[in-house]
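These notes concern the structure reproduced below.
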Amino acid sequence: MSRPIITGTGLYHPENVITNDELVKSYNAFADKHNAENAAKIARGEAAELQHSSTEFIERASGIKQRYVEEKEGILDIDRMLPRIRTRNDDELSLMAEYGYKAGKQAIEAAGLQPEDIDLVICAASNFERPYPAIAVEVQEALGCTNAYGYDMNVACSSATFGLDAAQNQIRSGQVKRALMINPELCTCHLNFENRDCHFIFGDVCTAVVLESDKEAANKEGWEILSTKCQTKFSRNVRNDFGYMHIVETPQRTGWDNLFKQNGRQVFREVCPMVANLIKDHLEENNLTTDDMARYWLHQANEHMNSHVTKALTGGKIDRVRAPLVLDEFANTAAAGSIIAFHRHQDGLVKGQKGIICSFGAGYSAGSILVERV
């Protein structure tokens, strides 16, 4: 049986940045406009008065300081509150595939490979700009992975770790020798920027990982995937209900209420112990303890969630070296967050040291990937 080795990673993000100060200024102007236009309804109790946001509130609630976005002006336009992104023609590369192409090309080059060396392309993300044809197959075509096949998969913010699990299983079985797993996340397109409680959460990014069998990766530095463990438990507390069936419900575009929403406090109470226990159980199954882990590359949703999970794994300590944060720069990037942390924070680790890549999100879902430096 082949052993799967991570031999390359890639990271792409757009150039546009929205700081918390910019986002707050826009949201507060929108709130003032809403309150003025609906003053009579608010007075009668028929509409809610919108409260101001603040940079302090955002950073205290999440740890986020900025986010990269595909399009900035539309988000900050109080008469729109959505990114302005042109619908591309059928003969153009889709935007999501463009993200996957850029990150995937980096990962293939980092692994010292050519596109035709790839046997499998998995596109694992929290949302897709279309149901079909698969974004993975479009990226496969754009990169020139002429010997590969591809498919899309969605397990919300856990998509990357579930994608790694799927890819490494196909390598272990001998079905493929090399795989590319990409995570294009255009999160600002599914975010309700009129909602004070979540308008600051997401950013846009794409990550990519190349995996090879140990035979193909001989004499390469990388990370062997020793074991994986995935868990799901149904919950209604984090969801995005916008889908094609809303066209049946109404002939008009509807439904910002159907975009991302969550019961944040309940998610925190339920997901944090679930994730900590998943990792502990995973380590125990491999005769390891939390002290054996040099790194925890965790999902980057919220600083408080990461701190809670980290303290459960490190005896009550918040260790930003062992469990690095990237969400202050990137915000929540759904499935890509743990891979950004892995991509950015490998330096200084030597052969034999181990770590956990872990993501968690709606579903609930959580994936734990145990890796060792080789």
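Checking the condition outside any loop (DSSP other than H, G, I, E, B) and either surrounded by fewer than 20 Cβ atoms within 10 Å (Cβ to Cβ) or not acidic (Asp, Glu) (or both), which residue from Ala294, Ala323, Ala301 passes?
Criteria check complete, one pass: Ala294.
Select from the stretch 133-147 the residues that are part of a loop (DSSP other than H, G, I, E, B) and touching a strand residue (DSSP E or B) at 6+ places or on another chain (Cβ under 8 Å) and write down the one among them that is farthest from Leu180 (Cα to Cα).
Looking at the filtered set, the residue picked out is Ala134.
Does Arg3 satisfy being closer than 30 Å to Leu120 by Cα and either surrounded by fewer than 21 Cβ atoms within 10 Å (Cβ to Cβ) or modelled with pLDDT of 95 or more (or both)?
Yes: the conditions hold for Arg3.
Can you pull out every residue in the stretch 304-313 that is in contact (Cβ under 8 Å) with a residue 24 or more places away in the chain and surrounded by fewer than 18 Cβ atoms within 10 Å (Cβ to Cβ)?
Correct list: His304, Ala312.
Taking Arg130, is it modelled with pLDDT under 95 and outside any helix (DSSP H, G or I)?
In short, yes.
When Lys354 is evaluated against the numbered criteria (1) of a type in the set (D, E, K, R); (2) in contact with a strand residue (DSSP E or B) (Cβ under 9 Å, 6 or more places away or on another chain); (3) modelled with pLDDT under 95, which criterion, by number, is the only one it fails?
If we test Lys354 against (1) of a type in the set (D, E, K, R); (2) in contact with a strand residue (DSSP E or B) (Cβ under 9 Å, 6 or more places away or on another chain); (3) modelled with pLDDT under 95, just (3) comes out false.
With (1) farther than 21 Å from Gly203 by Cβ; (2) assigned to a strand (DSSP E or B); (3) of a type in the set (A, V, I, L, M, F, W, C) as the list, and Cys123 as the residue in question, which single condition is left unmet?
(1)
Let me spell it out: the conditions are (1) touching a Cys at 6+ places or on another chain (Cβ under 9 Å); (2) closer than 30 Å to His345 by Cβ, and Ile85 meets all of them except one. Which number is the exception?
Looking at each condition in turn, Ile85 falls short on (2).
Would you point out which residue out of Ile108, Ile78 is on the phi < 0 side of the Ramachandran plot and surrounded by 18 or more Cβ atoms within 10 Å (Cβ to Cβ)?
Answer to the selection: Ile108.
Assess whether Ser338 counts as being part of a strand (DSSP E or B), touching a helix residue (DSSP H, G or I) at 6+ places or on another chain (Cβ under 9 Å) and either under 25 Å from Ala208 (Cα atoms) or among the charged types (D, E, K, R) (or both).
No: the conditions fail for Ser338.
Answer yes or no: is there a residue in the stretch 13-22 that is within 30 Å of Val371 (Cα to Cα), of a type outside the set (D, E, K, R) and touching a Cys at 6+ places or on another chain (Cβ under 9 Å).
Yes, the stretch 13-22 has at least one match.
Here is a check on your reading of the model: is Ala36 surrounded by fewer than 19 Cβ atoms within 10 Å (Cβ to Cβ) and among the hydrophobic types (A, V, I, L, M, F, W, C)?
Against the criterion (surrounded by fewer than 19 Cβ atoms within 10 Å (Cβ to Cβ) and among the hydrophobic types (A, V, I, L, M, F, W, C)), Ala36 qualifies.
Just name the residue that is farthest from the chain's Cα centre (by Cα) out of those in the stretch 1-45 that are aromatic (Phe, Trp, Tyr) and assigned to a helix (DSSP H, G or I).
Within the stretch 1-45, the match that is farthest from the chain's Cα centre (by Cα) is Phe30.
Under 30 Å from Ile108 (Cα atoms) and out of contact with any helix residue (DSSP H, G or I) (no Cβ under 8 Å at 6 or more places or on another chain): does that describe Thr87?
yes
Of all the residues that make up the stretch 182-214, how many are touching a Cys at 6+ places or on another chain (Cβ under 8 Å) and under 16 Å from Ile118 (Cα atoms)?
Matching residues across the stretch 182-214 total 1.
Out of (1) closer than 28 Å to Pro131 by Cβ; (2) at pLDDT 95 or above, what's the single condition that is false for Ile64?
(1)
From the residues in the stretch 51-71 that are outside any loop (DSSP other than H, G, I, E, B) and among the hydroxyl-bearing types (Ser, Thr, Tyr), which one is farthest from the chain's Cα centre (by Cα)?
This residue is Thr55.
Among the numbered conditions (1) over 28 Å from Asn20 (Cα atoms); (2) in contact with a Pro (Cβ under 8 Å, 6 or more places away or on another chain), tell me where Leu283 comes up short.
Condition (2) is where Leu283 drops out.
Checking Gly74 against (1) more than 30 Å from Ile135 (Cα to Cα); (2) not in a loop (DSSP other than H, G, I, E, B), only one condition comes out false. Which one?
Checking Gly74 against (1) more than 30 Å from Ile135 (Cα to Cα); (2) not in a loop (DSSP other than H, G, I, E, B), the one that fails is (1).
Just one of (1) over 18 Å from Gly203 (Cβ atoms); (2) surrounded by fewer than 21 Cβ atoms within 10 Å (Cβ to Cβ) trips up Asp328, so point out which.
Condition not satisfied by Asp328: (1).
Need the failing condition index for Ala48 against (1) under 25 Å from the mean Cα position of the chain (by Cα); (2) closer than 27 Å to Arg67 by Cβ, just the number.
Failing condition for Ala48: (1).
The values are calculated or read from the model by the stated rules, or taken from the named source; none is laboratory data. Not measured: the values here are computed from a predicted model. Cβ: placed from backbone, ideal geometry, glycine included. Neighbour counts: every protein chain shown.
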